[in-house]
Amino acid sequence: MFLTEQGRRDCLAPQFEVRRGRIVPRRGQGRRPVAHVSRDEAVEYCRWLSAKSGVTVRLPTEDEWEWAARGGVVGARYPWGWGAPEGKASFRARRVARVGGFEPNGFGLYDVAGNVFEWCATSNGEAVVRGGSWAERDEASLHVFRRVTFPQDYRGADVGFRIVAEAAAAQGDG
């Protein structure tokens, strides 16, 4: 809907196509994570969704991303704790995996490690991704504390994003 409303065919990723005047996922892509999105495009989507929904939506900060990725396991190397990532995350793969193909972490979040790197918000203008991707060969790339910088305009099959929806502040009676 975002791409259709914005008329954004210039950034149409390979996982989408135009059908009957609407931009929709290609057949078989509906359960894959969004990828081929630059950091600026992810931020633009968050602004659009915030305006559309009335809820503030944004990219997570690096600290928020890491806290959520650990799933409540303090000091963990991976979202599931410790131990090799084989069978627990999509990496060393030929392509991106279906969302939710592996067990969620302690907070119920799927695919925090592997599948696609995720853009994070930063205060210094860096374009930082976290989480590793399906294309990575080194399991250390999936460590929750590892950060990688890419050019802000990078758009690849190995980078997507996750959003944070801010809770409305509790309103008192007086």
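Bear in mind these aren't lab numbers, they're just calculated from the coordinates by the rules spelled out. Everything quoted here is computed from the prediction, not taken from an experiment. Please note: Cβ atoms are built from the backbone with ideal geometry, for glycine as well, and neighbour counts cover all protein chains shown.
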Item checked: Percentage, to the nearest whole number, of Cα pairs in region 31-165 over 21 Å apart -> 36 percent
Check: At what distance in angstrom do the alpha carbon centres of region 64-128 and region 140-171 lie from each other?
Finding: 10 Å
Checklist line | DSSP-assigned coil residues among GluC sites (Glu not before Pro) in region 51-93, each with at most 11 further Cβ atoms within 10 Å | finding: Glu86
Notebook entry, point to check: Magnitude of the Cβ-charge dipole of region 45-174, K/R +1 and D/E -1, about the Cα centre, nearest 20 debye?
Noted result: 420 debye
